[in-house]
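Comments concern the structure below.
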Amino acid sequence: MVRRAASRVLTAGQVRDLLAAAPPPDPEVSGAALARAYRLDDGGTLLVFEDGKGRRYESREALLAMMAAVAAQVPVSPLASRLPADFVAQAPALADSLGLAQLSDVDTFIASAGVSQCLRAPLFGQLVAYVGEFIRGQAGGAWHTELAADGATLEPWIVDPSGRRHAPFALVLSELSEWGSESSLAGAVVGHLQSRRLL
């Protein structure tokens, strides 16, 4: 089992405050974490995510050790037990099964069902389908599957007419896992679309 490095979630405002001190970039951590990373004066590390929010790790060394331990593990896709095998064929029906009238209703649904339940099948698949269908409605395109890093699990992506790829499963997973009961999946979806100038 990988030992977690001590960290805490930061709001976009807290990230801006830390960045105001102009900490030096940390390319080693950035490459491994797939996020912008900065070295802090106290030996910690700041990770900045696409939506402007972040995570502050108390120790850069502990973070690097955790990432090395994760890299040494055999990959297991977080989608392996959360999505049905024929997810893409079922996506429109799964999205409809939530009965949501508009995107903002998704946060109310998550608060009612509970984040832990929403991270499990079948609700996780329904949320991924809903987010994917919403993105498809805004960007056009179609569902496609790609083999995950574990070499066994198929990841469902939306590929729009201009070839841009959208990962609805990643939006759902990261928003709920990172922010828990404070998450706003609707906000994450809007932010994703705005960053690609689709809203």
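The numbers here are math on the coordinates, done by the rules we state, and not lab data. Predicted, not measured: the structure shown is a model, and the values here were computed from it. Using ideal geometry, Cβ is built from the backbone for each residue, glycine included, and neighbour counts are taken over all protein chains shown.
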With T = 20 °C, eta = 1.002 mPa s and Kirkwood Rh from C-alpha pairs, the Stokes-Einstein D of segment 7-72 in µm²/s is about 183 µm²/s
Rounded to a whole number, what is D in µm²/s for segment 57-121 from Stokes-Einstein with the Kirkwood radius over alpha-carbon pairs (37 °C, 0.692 mPa s)? 216 µm²/s
Out of L18, Q117, Q138, whose Cα points farthest toward the positive end of the dipole of the chain (charges: +1 Lys, Arg; -1 Asp, Glu; placed on Cβ)? L18
Computed [θ] at 222 nm, helices only, for the chain once each DSSP H run of length n ≥ 4 contributes -39500 (n - 2.57): -13500 deg cm²/dmol
For segment 113-130, in residue order, the Karplus 3J(HN,Hα) values (coefficients 6.51, -1.76, 1.60; θ = phi - 60°; whole Hz; Gly and Pro = x) are 7, x, 4, 4, 5, 6, 8, 10, 5, x, 4, 4, x, 5, 5, 4, 5, 5
Can you tell me how the chain classifies by the Cα gyration tensor, rounded, prolate or oblate, using a/c under 1.5 as the rounded cut? prolate
From the backbone phi of segment 20-25, what are the Karplus-calculated ³J(HN,Hα) couplings (6.51 cos²θ - 1.76 cosθ + 1.60, θ = phi - 60°) in whole Hz, Gly and Pro given as x? 4, 7, 6, x, x, x
Rounded to whole angstrom, the alpha-carbon centroid of segment 122-145 lies from that of segment 14-54 at a distance of 30 Å
